[in-house]
Amino acid sequence: MKKDNKYVIYWLLTGCILIFIMVIVGGITRLTHSGLSISNYKLISGTIPPMNEIEWQEAFDLYKQYPEFQKLNSDFTLQDFKDIYFWEWLHRVIGRLIGLVFLIPFFYFLIKKQLSRPTIKKSIILLALGAFQGFLGWYMVKSGLVDRPDVSHYRLAAHLTTAFLTFAYTFWVALDLIYPERKSVDLKFRNFIRIGLVVLLVQIIYGAFVAGLDAGFIHNHWPMMSEGKFMHETVHIEQDSLIKNLTEGKSGVQFVHRNLAYFVVILVLLIWWKSRKLQRSNLQTIGINSLLIIVGVQFILGVFTLILQVPVWLGVAHQVGAFFLLSTMTFTLHRFSK
């Protein structure tokens, strides 16, 4: 029997789609401030939401014991609680579904000997990433249940970035099977795309910092941070050190995120410009041109998300744009790799 057949590819791509959906729902959960509505973690029984008014009241009473209700949402009714509960519950259910979708087919393909040795090793890495992602989700929520009614932006960034990396690696493994052929490539150009990918990941991390600190709700001007100012004064005085200003201060984090966007655009433009001197396949050309289009759309989405003060639909669209940009960068790098 031929190993690594089309069903393995379908399995991996299904995982990619589910992670994509998970990230969208996670974005909605964050933007609707729903992430701390479920304060306990029950792997099996937690899959079923409250089914009657008594169970809903018990869940609401549990929510009342934690800082978010006590310090922010003390005026919440049971219906208000149900609204935020839904998104966090859906987010967790999709996470469990992803675990099953990765685990069950993996063991099936393993038993049927449909996985080559390299794919088995890569699949084990995927399973480890998925387990780590689940742990980070719990670790993130835990940070918002102690004193402050919000999760740590560092833990949020770790949770979101791991989701992006898990997707990118799953997509890469699928591409290895879809395009098994190897070719000669320009190593300098490949390394330049790698630099672009690293900078994009740093930008994604800072996007998570912005989300975690609610830093998108201030300095809602563009191209300046405020009228006539490239850098608002709070960028360098908000915290007690420069590093803290740029990693923990709302103004500093927004400053880095909005200006790093220019570097991402410039790098993509340089990738496109340098590629014109190379002999390219159709797929390589598609990857490069797609990068150029998507980075432009993503930049525009970022600007409007900022100046309109982060409406939920636009914040989610901006996060989806980052997902597509990472996907395209991954595909392009794969097509220019040996």
- Item | Cα centroid of region 294-338 to Cα centroid of region 205-252, whole Å | 20
- Query: What ranking do Glu88, Glu53, Glu58 get, fewest neighbouring Cβ atoms within 10 angstrom at the top?
  - Reply: Glu53, Glu58, Glu88
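Using the number of other C-beta atoms within 10 angstrom as an exposure proxy, rank Ile286, Ile84 with the fewest first.
Numbers: Ile286 15, Ile84 21.
Placing the least packed residue first, the sequence is Ile286, Ile84.
May I ask for the equivalent-ellipsoid semi-axes of region 183-286, computed as the square root of five times each C-alpha gyration tensor eigenvalue and listed largest first in whole Å?
Values: eigenvalues 243, 40, 24 Å².
Sorted largest first and rounded, they come to 35, 14, 11 Å.
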- Using a basic spin-label model with each label point 7 Å from the Cα along Cα→Cβ, how many nm lie between Leu72 and Asn259? 2.9
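Counting other Cβ atoms within 10 Å of each Cβ, which trypsin sites (Lys or Arg not before Pro) in region 88-150 have at most 10 and sit in a DSSP loop?
Numbers: sites: Arg92, Arg96, Lys112, Lys113, Lys121, Lys122, Lys142; in loops: Lys112, Lys113.
Sparse-neighbourhood loop trypsin sites (Lys or Arg not before Pro): Lys113.
With viscosity set to 1.306 mPa s and temperature to 10 °C, compute the Stokes-Einstein D of region 1-180, Rh being the Kirkwood radius across alpha carbon pairs; µm²/s, no decimals. Write down the numbers at each step before the final one.
Working: Rh = 17.7 Å.
Rounded, D is 90 µm²/s.
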- GNM on the chain, Cα springs under 10 Å; top mean-square fluctuation among Gln254, Gln57, Gln284 goes to Gln57
- Item | Theoretical FRET efficiency, 1/(1+(r/R0)^6), r = Cβ-Cβ of Ser116 and Thr47, R0 35 Å, to 0.05 | 0.55
- Report, in whole Å, the centroid distance computed from the Cα atoms of region 34-55 and region 80-106. 11
- Per GNM of the chain with C-alpha springs under 10 angstrom, the most fluctuating residue out of Asn282, Asn40, Asn259 is Asn282
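Which value in deg cm²/dmol, rounded to the nearest 500, describes the helix-derived mean residue ellipticity at 222 nm for the chain, given -39,500 (n - 2.57) per DSSP H run of n ≥ 4 and division by the residue count? List each step's numbers first, then the result.
On the way: 11 runs with 236 residues, N = 338.
Computed ellipticity for the chain at 222 nm equals -24500 deg cm²/dmol.
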- Message: Please compute the modelled spin-label separation between Leu201 and Ala128, points set 7 Å along Cα→Cβ, answer in nm with one decimal.
- Response: 1.5
- Message: Quick check: convex hull of the Cα atoms in the chain, volume per residue, rounded to a whole Å³?
- Response: 147
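I'd like the chymotrypsin sites (Phe, Trp or Tyr not before Pro) in region 183-235 restricted to DSSP loop residues with at most 12 other Cβ atoms within 10 Å, sorted by number. Provide the component values of the computation, followed by the final result.
Details: sites: Phe189, Phe192, Tyr206, Phe209, Phe217, Phe230; in loops: Phe230.
Loop-located and lightly packed - Phe230.
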- Query: Taking the alpha carbon gyration tensor of region 24-119, what are the square roots of 5 times its eigenvalues, largest first, to the nearest whole Å?
  - Reply: 36, 14, 10
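Read-outs: derived from the displayed coordinates by stated rules, not from any lab. Quick caveat: nothing in here was measured; it's all calculated off a predicted structure. Note that each Cβ is placed from the backbone with ideal geometry, even for glycine, and that neighbours are counted across all protein chains shown.
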